[in-house]
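One structure is given here, and the rest of the page talks about it.
The values are calculated or read from the model by the stated rules, or taken from the named source; none is laboratory data. Bear in mind that the values here come from a model prediction, so they are computed numbers and not experimental data. Neighbour counts are summed over all protein chains in view; Cβ atoms, including those assigned to glycine, are modelled from backbone coordinates with ideal geometry.
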């Protein structure tokens, strides 16, 4: 039942306003007539997908169980109380405490970055609530800024909208209790195992971690890239953050749930440990680069330094003095190298480069420092200089695997794929079972269009790690380029089996299905891609194109709307949107869409032609003729435009011009029955018009009047 304002539920709850609506039901603010002052509350309507008696009985049991859980959770002061739950007209309702305040989406906005201390404080408060939830063995399933309200009366955070209740709407089909049929949670905050229907306590930890990363970076989670090598979220270069806090957040949002904190209590303790003096943020020395940075540094103790210097000063021999100085310099170079490594990990690239430069100035034969310099220069996209640094490391240590690999990756970035392949093969000779090197080699071979050898490289990766999704994906892409679409789909299927939210794999799977004319399956694949990455405009565009092939034009328009919202200058989306509207006979809207396409590509003969056809359907013949003329200016041999122009001229009773237009169409396309038939018809109409004109002239003469006179 679709509820309207003013309706009363359960004999006591009058609907005042709607708060939200989704696939699971609707949420309203209501007045409770049975309480003094008509106290306001929140009413949530839940709609089961199946309504047969057996399914409803199962849904009823699930609903009662989840309502009991919510009632128990509502005893905590930062979770809304459950006042009542009931069933009416085979739909289920929850009545909860109304929290006055604004959700965190008003505080956490794109482009706004909070300080580290602010974010730690925010996460601690969320985790303190979640600690109670997890103690009840309950998984929230939908933690995101919109489900956390800052209560107006005291500024405390309130956790709302437990996703478990939505299970009532999605877990019952045809009378049977099933696994989740619709993924609960919000894209960007929902980890892979939850998207696949298997949430755990650590799934909530992932969501809280993503809230923290959003607060630190000011970048929405779905806009953050994934590291192509590890599949983890790449975010640290977008925020100013200590190494310790970054490590806590990284653990919270690990792709593999087994490597996350396993409960809110564990994550909360990790945050509290950050504030202990023993765990203070690493202080990097700024004045004296000779001091050790990390405990693992091999620098001599101050006492030993004094002893060595004393030996040198006393003069136990020039050789001893020289050795002591070299030893101290070597220790200083090691300290600088370690400093560079730490700064590189913190993505403070220029400071890291300075440290490596000083290290190799002291020890020119320091291969590891040259390698670190190469890594830093590569991170700064100074690829030519990075190559020089890697070459120095290799000259000093010819079997330096990491330097060969870094050289190969840098050459790949310079699009010097042949040289990159040689460098990576050299690295593999040193370490034959290195997954990353094989993967990089496969990627380079794809760029060289060596698809068969690329498949071999990725299969080597999969021998080393059978569940490595990126290798399955790239193997599929190589097969895709060979036109082996069925085999490519099998490979893409493996990629998404191991990583269900792997949007690029879902997208290319859809493209392979399109090549096999399997449009319905392609649409489902594109839907998966956009489910996990809502801003994936290429997938939205491909989905719209597939929907046009299925003649599902309304849905196609909605897909193209997503594209042009993300990419307002996407010509193909505007044109295709116009074509979908055209097929819906919404000609005015189609013309507006064609105009946007034409603005982006003024010489697009196809957009001008379709605009002309839409104008023709609206009987706007002069404008249609003008559009056909622009088509022919861009493409003079466009015989369909010549034919359509002839039709518009006939409707404007310009028969001579229409005849000429049909004749031109037939010059470019002799076997064009429609144009031949239209030409003959136009000639007959011209003859009839001329004959009628002659008859009128004769009649006028007989009456002794000038044909130009008014009667």
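Conditions (1) in contact with a helix residue (DSSP H, G or I) (Cβ under 9 Å, 6 or more places away or on another chain); (2) farther than 18 Å from residue 335 by Cα; (3) touching a residue at least 24 places away in the same chain (Cβ under 8 Å), marked per residue:
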position	(1), (2), (3)
353	yes, no, yes
358	yes, no, yes
366	yes, no, yes
372	yes, no, yes
376	yes, no, yes
385	yes, yes, no
396	yes, yes, yes
Among 361, 351, 426, 369, the single one that is crowded, with 21+ Cβ neighbours inside 10 Å and assigned to a helix (DSSP H, G or I) is 369
From 391, 399, which residue is surrounded by fewer than 24 Cβ atoms within 10 Å (Cβ to Cβ) and part of a helix (DSSP H, G or I)?
391
Checked the stretch 559-587 for anything within 23 Å of residue 617 (Cβ to Cβ), part of a helix (DSSP H, G or I) and out of contact with any helix residue (DSSP H, G or I) (no Cβ under 8 Å at 6 or more places or on another chain); matches are none
Could you tell me how many of the residues in the stretch 48-86 are in a loop (DSSP other than H, G, I, E, B) and at pLDDT 85 or above?
8
Take the residues in the stretch 2-33 that are more than 21 Å from residue 67 (Cα to Cα) and assigned to a loop (DSSP other than H, G, I, E, B), then tell me which one is modelled with the lowest pLDDT.
2
The stretch 623-648: number of residues that are surrounded by fewer than 23 Cβ atoms within 10 Å (Cβ to Cβ) and under 11 Å from residue 604 (Cα atoms)
5
All-but-one check, residue 413 against (1) surrounded by fewer than 21 Cβ atoms within 10 Å (Cβ to Cβ); (2) more than 24 Å from the chain's Cα centre (by Cα); (3) farther than 16 Å from residue 231 by Cβ, failing number (2)
Residue 229: assigned to a loop (DSSP other than H, G, I, E, B) and modelled with pLDDT under 90, yes or no?
yes
Name the one entry in 84, 30, 59 that is assigned by TED's automatic domain parsing to the domain that holds residue 15 and within 18 Å of residue 17 (Cα to Cα).
30
Tell me, which residue of the stretch 440-474 that is more than 27 Å from the chain's Cα centre (by Cα) and within 20 Å of residue 401 (Cα to Cα) is surrounded by the most Cβ atoms within 10 Å (Cβ to Cβ)?
457
Meets criteria (in a helix (DSSP H, G or I), outside the structural domain of residue 21 (by TED's automatic domain parsing) and either crowded, with 21+ Cβ neighbours inside 10 Å or modelled with pLDDT of 95 or more (or both)) for residue 126:
yes
Would you mention how many residues in the stretch 219-232 are crowded, with 16+ Cβ neighbours inside 10 Å and either more than 12 Å from residue 535 (Cβ to Cβ) or in contact with a strand residue (DSSP E or B) (Cβ under 6 Å, 6 or more places away or on another chain) (or both)?
3
Assuming residue 535 fulfils every condition listed in (1) crowded, with 19+ Cβ neighbours inside 10 Å; (2) closer than 22 Å to residue 189 by Cβ apart from one, which condition is it?
(1)
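Let's see how each residue does on (1) at pLDDT below 90; (2) over 42 Å from the mean Cα position of the chain (by Cα); (3) assigned by TED's automatic domain parsing to the domain that holds residue 243:
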| position | (1), (2), (3) |
| --- | --- |
| 323 | yes, yes, no |
| 329 | yes, yes, no |
| 337 | no, no, no |
| 342 | yes, no, no |
| 348 | yes, no, no |
| 353 | no, no, no |
| 357 | no, no, no |
When every residue in the stretch 99-119 that is surrounded by fewer than 16 Cβ atoms within 10 Å (Cβ to Cβ) and assigned to a loop (DSSP other than H, G, I, E, B) is compared, the one nearest to the chain's Cα centre (by Cα) is 110
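Of all the residues that make up the stretch 79-90, how many are touching a strand residue (DSSP E or B) at 6+ places or on another chain (Cβ under 7 Å) and surrounded by fewer than 18 Cβ atoms within 10 Å (Cβ to Cβ)?
The total comes to 4.
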